[in-house]
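The values are calculated or read from the model by the stated rules, or taken from the named source; none is laboratory data. Owing to the predicted nature of the structure, the values given are computational and were not obtained by experimental measurement. Using ideal geometry, Cβ is built from the backbone for each residue, glycine included, and neighbour counts are taken over all protein chains shown.
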Amino acid sequence: MKEFTLTCPLPMADRKTVVLGHGSGGKLTAQLIRDLFLPAFDNPLLNRLDDQAVLNAGAARIALTTDSFVVTPLFFPGGDIGELAVNGTINDIAMSGAAPLALSAAFILEEGFPMEELARVVVSMAEAAKAAGVPIATGDTKVVPRGAADRMFVTTSGVGLVPAGTHISASNARPGDKILLSGTIGDHGMAVMAKREGLEFEGVIESDTAALHRLVAAMLAAGEIHALRDPTRGGLAATLVEIAAASRIGVEAVASAIPVREPVRGACELLGLDPLFVANEGKLVAFVPAESAERVLAAMRGMPEGRDAVVIGEAVEGHKGMVLLKTEVGGTRVVDLPFGEQLPRIC
Amino acid sequence: MKYVDEFRNHSLAQKLVVEIRRTVTKPWVIMEVCGGQTHSIVKYGLDQLLPGEIELAHGPGCPVCVTSLELIDRAHALARRPDVIFCSFGDMLRVPGSAGDLFQIKAQGGDVRVVYSPLDCLKIARANPENRVVFFAIGFETTAPANAMSVWQARAQGISNYSILVSHVTVPPAMIAVLDSPSNRVQAFLGAGHVCAVMGWEEYEPLAARFRVPIVVTGFEPLDLLEGVLMAVRQLEEGRHEVENQYARAVAREGNQEAKRMIFRVFEPCDRAWRGIGVIPGSGYRLREEFAAYDAARLFDLEGIVSVEPENCISGLILQGAKKPSDCAAFGTLCTPETPLGATMVSAEGACAAYYNYGRHLVS
């Protein structure tokens, strides 16, 4: 075979500086974790690469997670950075099946940031925590000079208690599992993008931010769950690919079964984006054994956070690590991790 | 969603596929000209639905892919200048030049901004009078009217810190280049619907007659593409070579007169180098002399930037429809969207990227 020399356009993965795509939840993020964080921090708890670590503390199993929020704008239709931080961290705990016990909140504030806006964010966090029944038990505040941060960043951490006998992990899905989705996709990402870009669409697009721990508790009471994840950055596509890779299974999903609200579809069509890759903040994906799928689905539909729950596909033995989607017109296509930021297309 | 769901209807798609199967009696090669059509075909798996006799060849209609490396390097040189705010359509940001992409330039301090319309650049220019705002004006006839309008408006509004780096390309000369190529296998075209929405299809009529090739102006939804294929196959089977319009809901024979007027007030035809293909005579637009003050290529010293593209990737053959992405030994192994060897792997509308993102389960 003729030798192939790589001299054409620069290999993109070899980067000297951090680019925005490293924080997108796509392939660049995965590369950063694989090439830098995992080798440096190497330990069995981290190496599972779930959204939370589960540690043994005597007889108890504790779920631990942390998440930073840097969303622009701070306030968007359907929510704000504070509510997002509380719900997002509760959800990362809940995706292990754990009942959240308490949260911490750390603030990085830019000099000159209006106190009134900070107060609105803090009140919103307090209300979200109260509604979820999870206290914000500790915190920290730092202020940086003007220009060293964009208004405010919030980091929330959380701990929860995993019920005995519950072993949920992105690596536990098995062939034959039914894939359940708790509702419509793309709402949060498009709400933020529409506000950020000053775009106006027919119909209201609101963030779906919601705490999902009660939904998870109801699902666990109804039947066994193998894998759970909330499809945030990178969207449903990234979540399915991550679970397929971690569990070494194939995923077959059906495009027409995946619910997308009309205004969200319209906005995505207009911008040339695919709702599969758009972030959600109040949805979950569950891989459930076929025999308990009906019961778990019914339990989901009985809860306000899961009333639009549907089965979107199943895990299969073949094409391990690959997600295939049956298209609306009857073809099939691969669904992959987004590379970096989703880019509006030229035409 | 209205005007979208109708064109993705499963049972109507099946009916069209049955009709295509009924009509076809021998092998035909049909080229869809536009990268947006390639994207739809592979995203919806339409090629899997067609009978084996019909081969779809993917055309050169991806403006991101065909923008020459030299022009990209010149754009990057502008984006690195501290006095410049560099504006671009989003999907140009990821295209690598000889040293990195616009994302990296942004990370290193370059002021690079994504715009949805070139008219947004005028707002940016007004808000930043101390900076020079440059828009990377790429695209086919589809983006040309708005890009021309931005220059027209800049002059009308007396905005002097705005200019465009022009990389416009046009479809008919590229189709002629494909048909003139000695290795050409293309027997019919699905015309680029949105290009024709602007330009109409009169200019395709002499082309269909000269090369005796059917051209069906076609839309971008699954049913549009299947119907376009059916119309092309009917012509081929019946020995006709006409220009037909599948995309009647968007395209009229004379096109959009107002948009065409705006294009030719501001631009004039010129020769253009296409990435992976070479110079095609008369296949581009450049700014008319009276708009020289808005031409970034004249305002900034870019002549010294000369780029040489190594010839070890087959994207040129892919853009001409002579090869398929799956014919390339590097596809999916050495060459992926993260490590693109050529332009067709970079843009979402490039044939290689479409195959990789949506269709690689079918490539052995």
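Quick one: is B:R113 more than 10 Å from chain A (Cβ to nearest Cβ), within 23 Å of B:H168 (Cβ to Cβ), out of contact with any Leu (no Cβ under 8 Å at 6 or more places or on another chain) and not in a helix (DSSP H, G or I)? So B:R113 passes the test. Of all residues in segment B:116-160, those satisfying the criterion of being over 25 Å from the mean Cα position of the chain (by Cα), assigned to a helix (DSSP H, G or I) and either of a type in the set (A, V, I, L, M) or on the phi > 0 side of the Ramachandran plot (or both) are B:I124, B:A125, B:A127, B:A154, B:A156.
Restricted to segment A:260-347, the set of strands (runs of 3 or more DSSP E) holding at least 2 residues that are over 18 Å from the mean Cα position of the chain (by Cα) and either of a type in the set (S, T, N, Q) or closer than 30 Å to B:M92 by Cα (or both) comprises A:323-326, A:332-335. Annotation: B:S347 fulfils all but one of (1) at the interface with another protein chain (Cβ under 9 Å from one of its Cβ atoms); (2) at positive phi; the unmet one is (2). Scanning segment B:305-338 for residues that are surrounded by fewer than 24 Cβ atoms within 10 Å (Cβ to Cβ), of a type outside the set (A, V, I, L, M, F, W, C), over 21 Å from B:K43 (Cβ atoms) and out of contact with any Leu (no Cβ under 8 Å at 6 or more places or on another chain) yields a total of 4. Considering segment B:118-143, and only residues there that are under 23 Å from B:Y285 (Cβ atoms) and more than 14 Å from chain A (Cβ to nearest Cβ), the residue that is surrounded by the most Cβ atoms within 10 Å (Cβ to Cβ) turns out to be B:C121.
Would you confirm whether any residue within segment A:323-339 is at pLDDT 95 or above and away from chain B (no Cβ under 14 Å)? No, every residue in segment A:323-339 fails to be at pLDDT 95 or above and away from chain B (no Cβ under 14 Å). Could you tell me whether segment B:249-256 includes any residue that is within 21 Å of the chain's Cα centre (by Cα), buried (at least 22 other Cβ atoms within 10 Å of the Cβ) and in a loop (DSSP other than H, G, I, E, B)? Yes, the conditions are met somewhere in segment B:249-256.
Listed here are the residues, each with its yes/no results for (1) touching a Gly at 6+ places or on another chain (Cβ under 7 Å); (2) touching a residue at least 12 places away in the same chain (Cβ under 8 Å).
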position: A:E117; (1), (2): no, yes
position: A:A137; (1), (2): no, yes
position: A:K142; (1), (2): no, yes
position: A:P145; (1), (2): no, yes
position: A:M152; (1), (2): no, yes
position: A:G176; (1), (2): no, yes
position: A:E200; (1), (2): no, no
position: A:S207; (1), (2): yes, yes
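Residues are listed down the side, and each one gets a yes or a no for (1) surrounded by fewer than 23 Cβ atoms within 10 Å (Cβ to Cβ); (2) closer than 30 Å to B:R132 by Cβ; (3) of a type in the set (K, R):
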| position | (1), (2), (3) |
| --- | --- |
| B:G158 | yes, yes, no |
| B:S163 | no, yes, no |
| B:D180 | yes, no, no |
| B:F211 | yes, no, no |
| B:I215 | no, no, no |
| B:L226 | no, no, no |
| B:V229 | no, no, no |
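Of all residues in segment A:231-258, those that are closer than 14 Å to A:T184 by Cα, crowded, with 22+ Cβ neighbours inside 10 Å and away from chain B (no Cβ under 13 Å) total 4. Screening B:L287 with (1) in contact with a strand residue (DSSP E or B) (Cβ under 6 Å, 6 or more places away or on another chain); (2) within 14 Å of chain A (Cβ to nearest Cβ) gives one miss only, at (2). Taking residues in segment B:312-327 that are free of Cβ contacts under 8 Å to residues at least 12 places away in the same chain and closer than 14 Å to B:Y355 by Cβ, and partners anywhere that are in a loop (DSSP other than H, G, I, E, B) and aliphatic (A, V, I, L, M), the pairs with Cβ atoms closer than 8 Å and at least 6 places apart or on different chains are B:K323/B:I314.
Here the condition is being of a type in the set (S, T, Y), surrounded by fewer than 17 Cβ atoms within 10 Å (Cβ to Cβ) and either in the same structural domain as A:M115 (by TED's automatic domain parsing) or in a helix (DSSP H, G or I) (or both); of A:T155, A:T141, it holds for A:T141 alone. Within the option set B:S163, B:S167, being assigned to a strand (DSSP E or B), polar (S, T, N, Q) and within 20 Å of the chain's Cα centre (by Cα) holds for one residue only, B:S167. Residue-level analysis places B:L299 outside the set of residues that are buried (at least 21 other Cβ atoms within 10 Å of the Cβ), over 20 Å from the mean Cα position of the chain (by Cα) and of a type in the set (A, V, I, L, M, F, W, C).
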